[in-house]
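The values are calculated or read from the model by the stated rules, or taken from the named source; none is laboratory data. This structure is a prediction, so every number in the text was calculated from the model and none was measured. Positions of Cβ are backbone-derived with ideal geometry, glycine not excepted, and every protein chain shown enters the neighbour counts.
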Amino acid sequence: MRLATRGFSKSGNKRLTLLGMSGVGKTHLSKLLSCDDKWYHYSGDYRIGAKYLNDSILDNIKQKIQQDECLAELLSNDSIRVENHITFDNLSSVSSFLGKVGNPEQGGLPIDEFMRRQALFQTAESMAMLDVPKFIEKSQQQEFNHFINDAGGSLCELDNEKVYKTLSENTLILYIRASKANESALIERAQTHPKPLYYQAKFLQEQLSIYLAKNQLTYVAQIDPDKFVRWIFPRLLEHRKPKYEYIAQQYGYTIDSEDLYQCKNADEVLELIYGAL
């Protein structure tokens, strides 16, 4: 069930979920709306790191500290303390935990450990999205006029109908579809700044097999982590596009990134959304 479109346009309490690749314009849209009215900004990635992966992030850091005898002793006698200082603008601890698969000597993770962390992230993202109704209620208690759920780019990979139905019943799901120019910019950014990403397990295994054969490698541990991220990103983009389209068709609506970038204020953003409805 989709949130009623007429109700959205006339409501004094608008609720949005933003869907699309990281870098497609979700933050741009959020900032334009927030400049004009009182929006509660819910970050799925922040919730994942602060709540559902917090203990795993800290355990990972502590394991690394244990490798240094001096630091391990300081930690064991409570002389030092490890905390996860995650913010909306700094999600580095989540990225560091997620990591990249490949040669450990180049900062890569063994395939089993990488897949374990991927599974933890998938569960955490589902839980963070199912928390949205609770945070909508919280935002109303704090007297925010509107609510915006800035979801991660991997939301489409959950393949979780319960999550999508929950979001569609409580928010208007808005897919920001990347233009060709936007896609090129995303790919270029991935080439210059390869970052940790979430992949569906089947997709990852297929791509690893292709990459190993193409580069005449035998083991995942031989893979250069950054080179693999650069290689797989365009394929990940194509893999996700039909998934975004499915969610938009079944549960939400679509706007184009080029149209969004033309908007200069909140009124123009809302007019663009109304047009999509």
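Within segment 78-99, the residues that satisfy the criterion of being under 22 Å from TYR42 (Cβ atoms), in contact (Cβ under 8 Å) with a residue 12 or more places away in the chain and hydroxyl-bearing (Ser, Thr, Tyr) are THR87, SER93, SER95. Please work out which one of (1) at pLDDT 95 or above; (2) not in a helix (DSSP H, G or I) is the condition ARG117 fails and give its number. For ARG117, the exception is condition (2). Checking each residue in segment 120-148 for being in contact with a strand residue (DSSP E or B) (Cβ under 7 Å, 6 or more places away or on another chain) and assigned to a helix (DSSP H, G or I) picks out VAL132, PHE135, ILE136, SER139. With respect to the numbered conditions (1) small (Gly, Ala, Ser); (2) in contact (Cβ under 8 Å) with a residue 12 or more places away in the chain; (3) assigned to a helix (DSSP H, G or I); (4) out of contact with any Phe, Trp or Tyr (no Cβ under 7 Å at 6 or more places or on another chain), which one is the sole condition not fulfilled by SER9? It is condition (4) that SER9 fails. When SER184 is tested against (1) surrounded by fewer than 22 Cβ atoms within 10 Å (Cβ to Cβ); (2) closer than 20 Å to LEU197 by Cα; (3) in contact (Cβ under 8 Å) with a residue 24 or more places away in the chain, just one condition goes unmet, and that condition is (3). Using the structure shown, decide if THR218 is surrounded by fewer than 20 Cβ atoms within 10 Å (Cβ to Cβ), among the hydroxyl-bearing types (Ser, Thr, Tyr), modelled with pLDDT of 95 or more and not in a helix (DSSP H, G or I). Yes: the conditions hold for THR218.
In segment 149-163, which residues are in a strand (DSSP E or B) and surrounded by fewer than 21 Cβ atoms within 10 Å (Cβ to Cβ)? Step through it out loud before you land on a result.
Step one: of segment 149-163, the residues in a strand (DSSP E or B) are 149-150.
Matches in segment 149-163: ASP150 only.
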